[in-house]
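J.: Let me give you the structure first, and then I'll get to my questions.
The values are calculated or read from the model by the stated rules, or taken from the named source; none is laboratory data. Everything numeric here is computed off the predicted structure, so don't read it as measured data. Cβ sites come from the backbone with ideal geometry, for glycine too, and all protein chains shown count toward neighbours. The area values use the complete protein model at the heavy-atom level, side chains included, leaving out ligands, DNA and RNA. Shrake-Rupley method; radii C 1.70, N 1.55, O 1.52, S 1.80 Å.
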Amino acid sequence: MRFLKRPGFIAASALLVLLVLSFVGVPFDVPVAWVTRVFIAPVAELFASPVSDDAKEKDVLLGLVQSLAGDRVLDREKKRQEDDNAMISEWALARALPPPVVASMLTRIDEGANDFFLLDRGKRDGIIPYATVVTGKGILVGRIAKTQFALSFLRPLTSRGERFSVTREGDMNVLGIAEGQGSADTLLVSFVPRAVTIQKNDIITTSGLDDGVPAGLPLGVVVDAVAFENSPWQNLTIRPFVSLSSIRRVGILLFSDGKE
């Protein structure tokens, strides 16, 4: 019955009333205000008011549902952020490291040969270039490439040219340098002594020889080891643990002297 709400229907009803009055002999010099009050207004109220009240009630209920849903989403996101912050802080405390600066991943920025991820912390928060970035469980993500007042640019460890000194988990001997290959799922460790026995799925971690990079940060697992014929060396292909597309918040490690 949506047509009952239309102004045209109410006007037509009023016109019909006037025609009836004219037919029965009521003169047209009757005051318009009186006709409106006695005939047109009740008709308009009869047809329009119930529909308007229903529509208003529906609008109120819809607004209430939307408000509750929005509050629930905000509460869920706040709880998620609190959990992420707690995880990063607890990991750093267990490692006796300074409290990391927790940052949110905002977006990915493609600058030709380099991909960066924009973080919502910058110079005002004490962030400096080359600071190490980890997940809540202490897994290596990359380094800070550059900073602005309120923002910083994360360069993933898989970016071409990124290098970290690495070792095998639980091993004190340095294996070599893990280098990013510009691929989101590949790191390469070159010139690993062939005498070192490497197994598939061995966990590779940082060695601690790089400034500002604590020892024991997991990078990924070995997926392939290729030994060169008549050579004392072998190359390792590493699959990183982290997928940056699934990370929301990270911890930025800062040390007063730039070192651990």
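J.: Please identify the pairs in which a residue from segment 172-194 that is farther than 18 Å from V221 by Cβ has its Cβ atom under 7 Å from the Cβ atom of a residue that is among the aliphatic types (A, V, I, L, M) and part of a strand (DSSP E or B), counting only partners at least 6 apart or on another chain.
T.: Once the first residue is farther than 18 Å from V221 by Cβ and sits in segment 172-194, its partners that are among the aliphatic types (A, V, I, L, M) and part of a strand (DSSP E or B) give R194/A227.
J.: From V242, V221, grab the single residue that is surrounded by 14 or more Cβ atoms within 10 Å (Cβ to Cβ) and touching a residue at least 40 places away in the same chain (Cβ under 8 Å).
T.: V242
Residues checked against (1) open to solvent by less than 60 Å² (accessible area, probe 1.4 Å); (2) more than 30 Å from R76 (Cα to Cα); (3) part of a loop (DSSP other than H, G, I, E, B):
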| residue | (1), (2), (3) |
| --- | --- |
| F149 | no, no, yes |
| R155 | yes, no, no |
| I177 | no, yes, no |
| A184 | no, no, yes |
| T197 | no, yes, yes |
| I204 | yes, yes, no |
| G212 | yes, yes, yes |
| V226 | no, yes, no |
| F255 | yes, yes, yes |
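J.: Follow-up question, since we're still on this one. Modelled with pLDDT under 95, under 21 Å from the mean Cα position of the chain (by Cα) and on the phi > 0 side of the Ramachandran plot: which single residue out of G170, G176, G138 fits that description?
T.: Being modelled with pLDDT under 95, under 21 Å from the mean Cα position of the chain (by Cα) and on the phi > 0 side of the Ramachandran plot holds for just one of G170, G176, G138, which is G138.
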